[in-house]
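This report concerns only the one structure given below.
The values are calculated or read from the model by the stated rules, or taken from the named source; none is laboratory data. What you see is a predicted model; the values in this text were computed from it and never measured. Counting neighbours? That spans all protein chains shown, and the Cβs are built from the backbone with ideal geometry, glycine included.
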Amino acid sequence: MSDIVRKENKAEVKKPEVSKLEYIEFAPPSDVVENHTGIVVLLDVPGATTEKLSVNVEDRILKIEADTDLAQHGKHVRYKRSFQISHEIALDKISAKIKDGVLRLELPKAESARVHKIKVTTE
Amino acid sequence: MLARLNDNWSLLNPWRTVNGLQKELLGLFDDFNENLNRYRAGYPQMIVEDAEKELTVKMSLPGYESKDMDIEVVSDFLTIRAERKAPELKKDEKFLHRERSFGKIEESIKLPSKVKSGKVNARYIDGVLVITLPKEEAEKPHVVKIS
């Protein structure tokens, strides 16, 4: 009885053959830097290129997905990460650049969220 | 749990329970592996591809500069040294979150076969250091004749 079960399970293990459609997903490490004008997100995505990169915002969630030509254990390496964005960010002004495997996302703060210094003058 | 058992009498079949348990136990490890593959943090560090005539070593070095990388091949040992300098923040900047690592790294691996160290080629593409190492032709067995 137990042998039958084992055999079944072995067959199941072998099943996922090397397929180009299969991916290993990685959550790439990120740094988040804030300055007066906005937020900069830096992600280590080695092997990712502009052609296979998608950055989109939906319901204030910034989703990053990048495919690579790298393969591990017969599966393609894919990067996936998402961030919640605060209301201070101007969604239409988000920009993304990629260089040497580092993705740089610039999220400028909306004009209304920026700190405005007001000079106080005496009459 | 009890309600579910009462609803379905076939579940009370003792063999079914044993089989199910075994399946679950064996399957548990599969799921575990799957999950590990799916939710890995970071990125693949080093990938070695063994083709017929050459080896390809791919090492993830995002945001490095080629002048800060150093490759050394001795017999069938490959050593890669690299350094990534931490970015300096401007006065008005501050980190909200930090995960990326900086500094020096040194990785040494034994290659699956001997290589022609003079013909090693390295390129740095999209944050990945790709090193191609042509294999040394296999030594022919030396036959000793007994006179």
Quiz item: Out of A:108, A:46, which single residue is part of a strand (DSSP E or B) and in contact (Cβ under 8 Å) with a residue 24 or more places away in the chain?
Solution: A:108
Quiz item: In the range B:57-78, how many are surrounded by 21 or more Cβ atoms within 10 Å (Cβ to Cβ) and either of a type in the set (D, E, K, R) or not assigned by TED's automatic domain parsing to the domain that holds residue B:106 (or both)?
Solution: 1
Exercise. Could you tell me which of the residues A:94, A:98, A:24, A:39 is touching a strand residue (DSSP E or B) at 6+ places or on another chain (Cβ under 6 Å), crowded, with 19+ Cβ neighbours inside 10 Å and at pLDDT below 90?
Key: A:24
Exercise. With respect to residue A:79, determine if the residue is at pLDDT below 90, out of contact with any Cys (no Cβ under 7 Å at 6 or more places or on another chain) and of a type in the set (Phe, Trp, Tyr).
Key: no
Quiz prompt | Of all residues in the range B:40-56 being under 12 Å from the mean Cα position of the chain (by Cα) and part of a loop (DSSP other than H, G, I, E, B), the one that is surrounded by the most Cβ atoms within 10 Å (Cβ to Cβ) | solution = B:43
Quiz item: For residue B:115, are the conditions met, namely being within 14 Å of another protein chain (Cβ to nearest Cβ), crowded, with 18+ Cβ neighbours inside 10 Å and either in contact (Cβ under 8 Å) with a residue 12 or more places away in the chain or within 28 Å of residue A:97 (Cα to Cα) (or both)?
Solution: no
Quiz item: If we keep just the residues of the range B:118-147 that are under 19 Å from residue B:58 (Cα atoms), small (Gly, Ala, Ser) and more than 14 Å from chain A (Cβ to nearest Cβ), which is nearest to the chain's Cα centre (by Cα)?
Solution: B:122
Quiz item: Can you name the residue in the range B:58-109 that is of a type in the set (S, T, N, Q) and in contact (Cβ under 8 Å) with a residue 24 or more places away in the chain and, of all such residues, is nearest to the other protein chains (Cβ to nearest Cβ)?
Solution: B:60
Quiz item: If residue B:142 satisfies every condition in (1) under 30 Å from residue B:42 (Cα atoms); (2) of a type outside the set (S, T, N, Q); (3) exposed (fewer than 11 other Cβ atoms within 10 Å of the Cβ) but one, which is the exception?
Solution: (1)
